[in-house]
Amino acid sequence: EKIFQYSLSTPWDISTAQYDNKSFYEPAYYAGPLGIVLSEDRATLLLIGQTPDEIRQYSLSTPWDISTAHYENKSFSVESQETYPQNFCFSQDGSKFYVTGNATDKIYQYAC
């Protein structure tokens, strides 16, 4: 599964989306990445997938450009809580993150 990058000529208006001809593919995510989070400085990309059930961290050598993503060999497994993760998000200060999924229908909170 690939992630595709788009630009919006009007912020937050998806009807103005234009494909940037940039994509990212992570073959380790056999079921495909399900959730995407960019760090505040847009230089770190975090993905959650189902196979394996973990969050992986990538650095972007060019902020905002997913085609420059490189795996940092950092990951966090959520398998012991959720075997079918669907999405995740971080608290505003980045000290906590939350994972949702279909296996347990719960929201899990983790401290960073």
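Okay, residues lined up against (1) surrounded by 14 or more Cβ atoms within 10 Å (Cβ to Cβ); (2) part of a loop (DSSP other than H, G, I, E, B); (3) touching an Asp or Glu at 6+ places or on another chain (Cβ under 8 Å); (4) at pLDDT 90 or above:
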residue	(1), (2), (3), (4)
THR51	no, yes, no, no
ILE55	yes, no, no, yes
TYR58	yes, no, yes, yes
SER67	yes, no, no, yes
GLN109	no, no, no, yes
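For segment 88-107, filtering for residues that are closer than 20 Å to ALA43 by Cα and part of a strand (DSSP E or B) leaves 5.
Filtering segment 37-44 for residues that are surrounded by 14 or more Cβ atoms within 10 Å (Cβ to Cβ) and of a type in the set (Val, Ile, Thr) leaves a non-empty set. The one condition from (1) open to solvent by 40 Å² or more (accessible area, probe 1.4 Å); (2) in contact with a strand residue (DSSP E or B) (Cβ under 6 Å, 6 or more places away or on another chain); (3) farther than 26 Å from SER95 by Cβ that THR10 does not meet is (2).
Of the residues that sit in segment 13-36 and are open to solvent by 40 Å² or more (accessible area, probe 1.4 Å) and not in a strand (DSSP E or B), which one is modelled with the lowest pLDDT? Top of the filtered list is TYR30.
Tally the residues that are without any contact (Cβ under 8 Å) to a residue 40 or more places away in the chain and either open to solvent by 80 Å² or more (accessible area, probe 1.4 Å) or over 13 Å from the mean Cα position of the chain (by Cα) (or both), restricting the search to segment 69-93.
The total comes to 16.
The values are calculated or read from the model by the stated rules, or taken from the named source; none is laboratory data. Just so we're clear, the structure is a prediction, and the values are computed from it rather than from any experiment. Note: ideal-geometry Cβ built from the backbone for every residue, glycine included; neighbour counts use all protein chains shown. The protein model used for the area step is the full one, side chains on, heavy atoms only, and it has no ligands, DNA or RNA in it. Shrake-Rupley method; radii C 1.70, N 1.55, O 1.52, S 1.80 Å.
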